[in-house]
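Enquirer: Below is the structure I would like to discuss, written out as C-alpha cells.
None of the figures in this text is laboratory data; all of them are computed from the coordinates on show. Please read all numbers here as calculations on a predicted model, not as lab measurements. All Cβ positions, even for glycine, are placed from backbone atoms using ideal geometry, and neighbour counts span all protein chains on display.
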Amino acid sequence: MKNTVIYPGTFDPITLGHIDLVERATHLFDHIVIAIADNQQKAPLFSLAERINLIKEVFSKNNNIEVVGFNGLVVDLAKQRKANIILRGLRVVSDFDYEFQMASMNRTLLPELETVFLMPSEKYTYISSTLVREVALAKGDVSRFVPPIVEKVLQEKMG
C-alpha cells in the first residue's frame, strides 16, 4: 500500500544524497512532500524561499513530489497534510541515535505517525549539507555532491 510521506529537513543545500533518497521513495509512496524547515537556529546559508525554489527546480519533472516550507513541529505538518509517514535518511551509524530519538518523540506526539528510514547509495553516505557548504565556502569543487543548479547558486552565493 502506498501513502503520502513527508521528508522533512533543512536541505541547506539539497545534495545528491537527499535526491537519491527521494528517488528511492518514489518507488514506495504515491506522494512525497519535501518539507523544508524554516529553522533559523541553524543559520541557513539559503533563505527558505531559495531552498524551496531550488528543490522545486530539481524535481520539476516529478508530478508526485510536492515541495513546501514549514515552521514548527513536523507532526503538525503531518496532521495538516493527512500524512502518517515520515521519511528520514540514515547515512552512518552515528545518525541513528538522533533519528531514533526524533522518531520516538514524534510517535509520542502523534502515535499514528510512523518513521521510515532509508539509506542512500553508498557513494552518498559521506555527503552532508554542512560539508558541502564548507567545501563551497573554501571555493572547492562541489559538483560531485549537488545537482548543477545548486552548484551554480552556491558559486554565486560564495562570490
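Enquirer: Please work out whether the stretch 59-122 counts as rounded, prolate or oblate from its C-alpha gyration tensor, where a ≥ b ≥ c are the square roots of the eigenvalues and a/c under 1.5 means rounded, while otherwise a/b larger than b/c means prolate and anything else oblate? Each step should come with its number before you reach the end.
Expert: Working: a/c = 2.08, a/b = 1.06, b/c = 1.97.
It is oblate, given that a/c is not under 1.5 and a/b is not larger than b/c.
Enquirer: Let me have the 222 nm mean residue ellipticity of the chain computed from DSSP H runs of 4+ only, each contributing -39500 (n - 2.57), with the sum over all residues rounded to the nearest 500.
Expert: Numbers: 6 runs with 66 residues, N = 159.
Counting only the DSSP helices, I get -12500 deg cm²/dmol.
Enquirer: Follow-up. Exactly which chymotrypsin sites (Phe, Trp or Tyr not before Pro) in the stretch 64-159 are in a DSSP loop and have at most 12 other Cβ atoms within 10 Å?
Expert: Sites meeting the loop and neighbour criteria: 126.
Enquirer: Using the count of nearby Cβ atoms within 10 Å as a rough guide to exposure, how do 116, 93 rank from fewest to most?
Expert: On the way: 116 15, 93 7.
Lowest count first: 93, 116.
Enquirer: Further question on the same structure: With each pseudo-label sitting 7 Å past Cα toward Cβ, what's the residue 38-residue 95 distance in nm, one decimal?
Expert: In this crude label model, residue 38 to residue 95 measures out at 2.7 nm.
Enquirer: Based on the mean of other beta carbon atoms within 10 Å per residue, what is the order of 9-17, 39-47, 52-60, 130-138, most packed first?
Expert: Packing proxy ranking, top to bottom: 9-17, 52-60, 130-138, 39-47.
Enquirer: Once you have the Cα-Cα distance between residue 82 and residue 53, take 0.36 nm times their residue separation minus that, and quote the gain in nm to one decimal. Mind dumping the intermediate values first?
Expert: Numbers: separation 29, 0.36 × 29 = 10.44 nm, distance 2.38 nm.
8.1 nm is the gain from fully extending residue 82 to residue 53.
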